[in-house]
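Chemist: Mind having a look at this structure? Questions to follow.
The values are calculated or read from the model by the stated rules, or taken from the named source; none is laboratory data. Small disclaimer: the values here were computed from a predicted structure and weren't measured. Here the Cβ is made from the backbone with ideal geometry for all residues, glycine too, and neighbour counts use every protein chain on show. Quick note on the areas: whole protein, heavy atoms, side chains included, nothing else; ligands and nucleic acids left out. Shrake-Rupley method; radii C 1.70, N 1.55, O 1.52, S 1.80 Å.
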Amino acid sequence: MKLASLKSGRDGALVIVSRDLSRMVPAHDIAPTLQAALDTWSEAAPLLQARAEKLELDVGEGEVFDPAACTSPLPRAYQWADGSAYVNHVELVRKARGAEMPKSFWTDPLMYQGGSDSFLGPMDPIPMESEAWGIDFEAEIAVITDDVPMGTKPDHASEHIRLLMLVNDVSLRNLIPAELAKSFGFFQSKPSSAFSPVAVTPDELGVAWGNGKVHLALRSSINNTLFGEPAADVDMTFTFLDLIAHAAKSRPLVAGTIVGSGTVSNKLNDGPGKTIEQGGVGYSCIAEMRTIETIVEGAPKTEFLKFGDRVRIEMLDHDGNSIFGAIDQVVEAYQPE
């Protein structure tokens, strides 16, 4: 089942989307919003699933699905907890700013609580006041949970995963060092994130979903040039099951909690990765590429995003079909209303 939220009010209007992302039907009579569906999942899900199956069987049913009319599946959420499941990425980015990585990072997940009150739509611009802030994208995967009891362990965490989606976790690299130097976490350096047009139930991934991982490549492009396509299951030190258990260690998680994977990152023969042009799988953020350039060449040469740059993030199934639709955004100079 594939679900989306059309732009309507603060919390969007829930629709069911066909598997090929071409058509949609409303679902407001079942649940007006995705959050409402998650709050009553045991009752709402069977009704949504039945309508989704009907949509697949009747090719003449529904309206044209337009991703540009969508907000993020959850336009705002009770919680957005972003992890760093790919420790290779953490190690490289810390190395770039001269910070050593404690050994505990390989056994205890990193996680920060991001702003969840104003997500960007999948095709909305990324408004920024200054290019000097070091504008970067981060291509990630996220899960949406139902109510997760405090103390839930990894072997029970899969029971609480309701939906998956893609993320562009926008980061302002030149603001991060000063914030982290205060030893109080991210805030200004992590503006509004964007999510894919569609959120899907785990069964939509078929054999590509297993053991708390997505076994597919995550593709990122900048200005229509492929930037990275690392495999989401490779080098994932902590699975989504581990991340959910980590988040729920000392608190319950409410329905509609979003847990992110962190930037998808692959090693190459236990060493730094390579660009697409060099025959590697590339990267899911610019910061990682700049780190590799520093390690190999002594200094970074790839610039962060500028006004007018376009970022596209997408995941294809084994037949080349888009699963979640694409996050497709242009960086724009912020203009106050």
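Chemist: Along Cα→Cβ, 7 Å out, is where each label goes; now give me the distance between the ones at Tyr112 and Leu57 in nm to one decimal.
Modeler: Placing both labels 7 Å beyond Cα along the Cβ direction yields 4.9 nm.
Chemist: Suppose we keep just the DSSP beta bridges with both residues in the chain; what percent of those would be antiparallel, to 5? Mind dumping the intermediate values first?
Modeler: Numbers: 52 of 60 bridges.
Among the beta bridges of the chain, antiparallel pairing accounts for roughly 85 percent.
Chemist: Show which lysines lie in cross-link reach of Lys2 when reach means a straight Cα distance below 18 angstrom and same-chain residues fewer than eight apart are skipped.
Modeler: Output for Lys2: Lys54.
Chemist: Can I ask one more? For the chain, modelled as a GNM with alpha-carbon contacts under 10 angstrom, which of Gly60, Gly325, Gly185 fluctuates the most?
Modeler: Looking only at Gly60, Gly325, Gly185, the largest GNM fluctuation is found for Gly60.
Chemist: Helix 87-96: angle to the longest alpha-carbon principal axis of the chain, degrees 0 to 90, nearest 10?
Modeler: Taking the Cα atoms of the chain, the angle to 87-96 is about 40 degrees.
Chemist: Computing the accessible area with a 1.4 Å probe over protein heavy atoms, can you report the carbon and sulfur percentage for the stretch 1-101?
Modeler: After summing per-atom areas, the C and S share lands at 53 percent.
Chemist: Tell me, what is the percent relative contact order of the chain, built from C-alpha pairs under 8 Å that lie six or more residues apart? Each step should come with its number before you reach the end.
Modeler: Working: 826 pairs, mean separation 75.4, N = 337.
Normalised by residue count, the contact order of the chain is 22 percent.
Chemist: Separate question: Can you give the accessible area per residue of the stretch 258-337, in Å², using a 1.4 Å probe?
Modeler: Per residue, the stretch 258-337 has an accessible area of 48 Å².
Chemist: Return the Rg/Rh ratio of the chain with Cα-based radii and a Kirkwood Rh. Intermediate results must be reported in sequence, preceding the final value.
Modeler: Numbers: Rg = 19.2 Å, Rh = 20.1 Å.
In the chain, Rg relative to Rh is 0.95.
Chemist: Another one. Checking the cross-link filter: which lysines have an alpha carbon closer than 27 Å to that of Lys182, excluding same-chain neighbours under 8 positions apart?
Modeler: Lys95, Lys103, Lys190, Lys249
Chemist: Under the rule of -39500 (n - 2.57) per DSSP H run of 4 or more residues, summed and divided by the residues of the chain, what mean residue ellipticity at 222 nm is obtained, to the nearest 500 deg cm²/dmol?
Modeler: Result for the chain, helices only: -5500 deg cm²/dmol.
Chemist: So, one more: Around Glu332, with a cut-off of 12 angstrom between Cβ atoms, what is the net charge of the other residues, counting Lys and Arg +1 and Asp and Glu -1? Display every interim value, and only then the final one.
Modeler: On the way: positive: Lys306, Arg310; negative: Asp124, Glu129, Glu131, Asp309.
Net local charge, Glu332 excluded: -2.
Chemist: From the square roots a ≥ b ≥ c of the eigenvalues of the alpha-carbon gyration tensor of the stretch 180-337, which class results: rounded (a/c under 1.5), prolate (a/b over b/c), or oblate?
Modeler: It is rounded, given that a/c, with a ≥ b ≥ c, falls under 1.5.
Chemist: Considering Cα pairs under 8 angstrom that are at least six residues apart, work out the relative contact order of the stretch 140-284 and quote it in whole percent.
Modeler: After rounding, I find 33 percent.
Chemist: Would you mind telling me which residue in Phe304, Phe187, Phe240 has the biggest mean-square fluctuation in a Gaussian network model of the chain, where springs connect alpha carbons within a distance under 10 angstrom?
Modeler: Evaluated over the chain, the most mobile residue of the options is Phe187.
Chemist: Probe radius 1.4 Å, ligands and nucleic acids left out: which of Tyr78, Tyr334, Tyr283 has the largest accessible area, and how do the rest follow? Write out the running numbers ahead of the final one.
Modeler: Values: Tyr78 160, Tyr334 115, Tyr283 5 Å².
Greatest to least solvent exposure: Tyr78, Tyr334, Tyr283.
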